[in-house]
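First the structure, in the form of structure tokens, and then the observations on it.
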Amino acid sequence: DGGITQSPKYLFRKEGQNVTLSCEQNLNHDAMYWYRQDPGQGLRLIYYSQIVNDFQKGDIAEGYSVSREKKESFPLTVTSAQKNPTAFYLCASSPGTDTQYFGPGTRLTVL
Amino acid sequence: GQSLEQPSEVTAVEGAIVQINCTYQTSGFYGLSWYQQHDGGAPTFLSYNALDGLEETGRFSSFLSRSDSYGYLLLQELQMKDSASYFCAVRLSFNKFYFGSGTKLNVKP
């Protein structure tokens with residue numbers, strides 16, 4: 001089946017650690033996105049990528065990094081520089097139309 | 001900066017009609033989308049308006065007025081399963097979107 005997968009579903013991080021969230025899609029979409037969602041809030045754009053080996057910062061990129069080495073994959077690293085990383089992280093892809101398709105999300109908690 | 005305004009919460013009864021408004025002030029505008037998100041789940045696409053007017057998809061309709069920087073999502077024949085958060089999102093450029101803070105819809109029996 002085509003779709004977007006994210007792993008892990010739940011992730012716990014100790015202070016000072018870097019963690020990487022996985023996002024894979026087999027929809028053959030060029031564009032991919034990372035959003036952060038805090039409780040009761042909307043989605044805030046962290047990074048997005050329109051093609052392989054290219055990505056742009058979104059509104060809240062500080063403390064995060066990404067790579068886009070393959071069309072199917074867009075991993076997000078939450079670095080120790082991100083002071084308040086506890087949140088729900090959503091990955092999405094788009095074929096360049098008005099629609100974004102979201103993965104099931106990763107819930108990150110800092111211990 | 002970008003600004004999208006939508007009510008934080010709306011309550012309606014089963015079988016009724018509810019309208020969720022969205023006003024926007026953005027640096028770019030290609031169109032307005034609506035997404036539904038159940039608690040703990042991923043957002044799912046509902047509709048998109050690029051031009052003024054009403055788009056209908058089953059029980060859901062979406063409206064856009066570009067001159068007023070305003071749109072709304074209309075849900076008819078409300079069902080309990082429609083209880084969720086609804087987000088409007090502006091397509092700022094070809095591949096960039098900006099989301100509102102969401103409206104929590106509570107459907108009561």
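Counting every Cα pair in the protein assembly as shown, what percent are over 29 Å apart?
Tail of the P(r) past 29 Å holds 27 percent of the pairs.
Convex hull volume of the Cα atoms in chain B, per residue, in Å³?
95
Counting other Cβ atoms within 10 Å of each Cβ, which trypsin sites (Lys or Arg not before Pro) in the stretch A:38-90 have at most 15 and sit in a DSSP loop?
Listed in order of number, the matching sites are A:LYS83.
From the phi of every residue in the stretch A:21-29, what ³J(HN,Hα) in whole Hz does the Karplus formula 6.51 cos²θ - 1.76 cosθ + 1.60 yield, where θ is phi - 60° and glycine or proline is x?
9, 9, 9, 10, 9, 10, 8, 6, 7
Can you list residues from other chains, or at least 5 along the same chain, whose modelled amide H is less than 5 Å from the amide H of A:LEU21?
Close amide H contacts, sequence-distant or interchain: A:LEU76, A:THR77, A:VAL78.
Using only alpha carbon pairs under 8 Å that are at least six residues apart, calculate the relative contact order of the stretch A:1-96 and give it in whole percent.
Computed over the stretch A:1-96, the figure is 33 percent.
What's the FRET efficiency of A:SER22 with A:VAL52 using the Cβ-Cβ distance as r and R₀ = 25 Å, to the nearest 0.05?
Plugging the Cβ-Cβ distance into 1/(1 + (r/R0)^6) gives 0.90.
First measure r as the distance between the Cβ atoms of A:SER67 and B:THR44, then evaluate 1/(1 + (r/R0)^6) with R0 = 25 Å and state the FRET efficiency to the nearest 0.05.
0.35
Once label points are set 7 Å from the Cα along Cα→Cβ at both B:LYS108 and A:LYS14, what is their separation, rounded to one decimal in nm?
In this crude label model, B:LYS108 to A:LYS14 measures out at 4.9 nm.
Which of A:THR77, A:LEU45, A:TYR35 sits closest to the plus end of the dipole of chain A, meaning its Cα is farthest towards the positive end, when Lys and Arg get +1 and Asp and Glu get -1 on the C-beta?
Final value for the positive-end residue is A:THR77.
Count, for each residue of B:93-102, the Cβ atoms from other chains sitting within 10 Å of its Cβ, then give me the mean as a whole number.
Partner Cβ neighbours, averaged per residue: 6.
Among all lysine pairs in the protein assembly as shown that are eight or more places apart or on different chains, how many have alpha carbons less than 17 angstrom apart?
Here the count comes out as 4.
Based only on the alpha carbon positions, what is the Kirkwood hydrodynamic radius of chain A, in angstrom?
13.9
Once you order the gyration tensor axes a ≥ b ≥ c over the Cα atoms, which shape class does the stretch B:34-89 get: rounded for a/c under 1.5, otherwise prolate or oblate by comparing a/b with b/c?
In terms of gyration-tensor shape, prolate.
Calculate the spin-label point distance for A:THR86 paired with B:ASP52, positioning each point 7 Å from the Cα along the beta-carbon direction, and give it in nanometres.
Taking the two extended label points, one gets 4.8 nm.
Other chains' Cβ within 10 Å of B:43-49 residues: what's the mean?
So the per-residue partner count for this stretch is 4.
Read-outs throughout are calculated quantities, based only on the coordinates presented, and are distinct from any laboratory measurement. Computed from a prediction, not measured in an experiment: that's the story for all the values here. As a convention, Cβ positions derive from the backbone with ideal geometry for all residues, glycine included, and neighbour counts pool all protein chains shown.
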